[in-house]
Amino acid sequence: MSSKEKYEKVFMECFDIDQATLTGLEYNTIEQWDSIGHMEMIAELEEVFDIMLDTDDIIDFSSFEIGMEILGKYGVSF
């Protein structure tokens, strides 16, 4: 499974959404992506990619696309 597929899977499972919803998805634009959902998603990403995100990056992780940029800083390539 590619990094992008793993990344998409985390979003789809954490927020119970389909792949078509991912593009342009931003924090707090769906009910499931609230502060608690955000931390659950971050924890799952850290586990899947075996990384530990800095606090600033967790705060800045505000959309599906920005998340890929942030993960890039940790060696995850898409």
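The values are calculated or read from the model by the stated rules, or taken from the named source; none is laboratory data. As the structure is a computational prediction, the values presented were derived from the model and not from experiment. Positions of Cβ are backbone-derived with ideal geometry, glycine not excepted, and every protein chain shown enters the neighbour counts. Keep in mind that these areas ignore ligands, DNA and RNA; they rest on the heavy atoms of the full protein, side chains included. Shrake-Rupley method; radii C 1.70, N 1.55, O 1.52, S 1.80 Å.
Key figures
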{"item": "Set I42, I17: member being surrounded by 14 or more Cβ atoms within 10 Å (Cβ to Cβ) and closer than 16 Å to I70 by Cα", "result": "I42"}
{"item": "Selection count, the range 57-67, where residues are open to solvent by less than 30 Å² (accessible area, probe 1.4 Å) and either out of contact with any His (no Cβ under 9 Å at 6 or more places or on another chain) or at pLDDT below 95 (or both)", "result": "4"}
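Every residue, every condition in (1) more than 13 Å from the chain's Cα centre (by Cα); (2) surrounded by 14 or more Cβ atoms within 10 Å (Cβ to Cβ), yes or no:
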site: S3; (1), (2): no, yes
site: Y7; (1), (2): no, yes
site: L25; (1), (2): no, yes
site: T29; (1), (2): yes, no
site: G37; (1), (2): no, yes
site: E47; (1), (2): no, no
site: D50; (1), (2): yes, no
site: T55; (1), (2): yes, no
site: E69; (1), (2): no, no
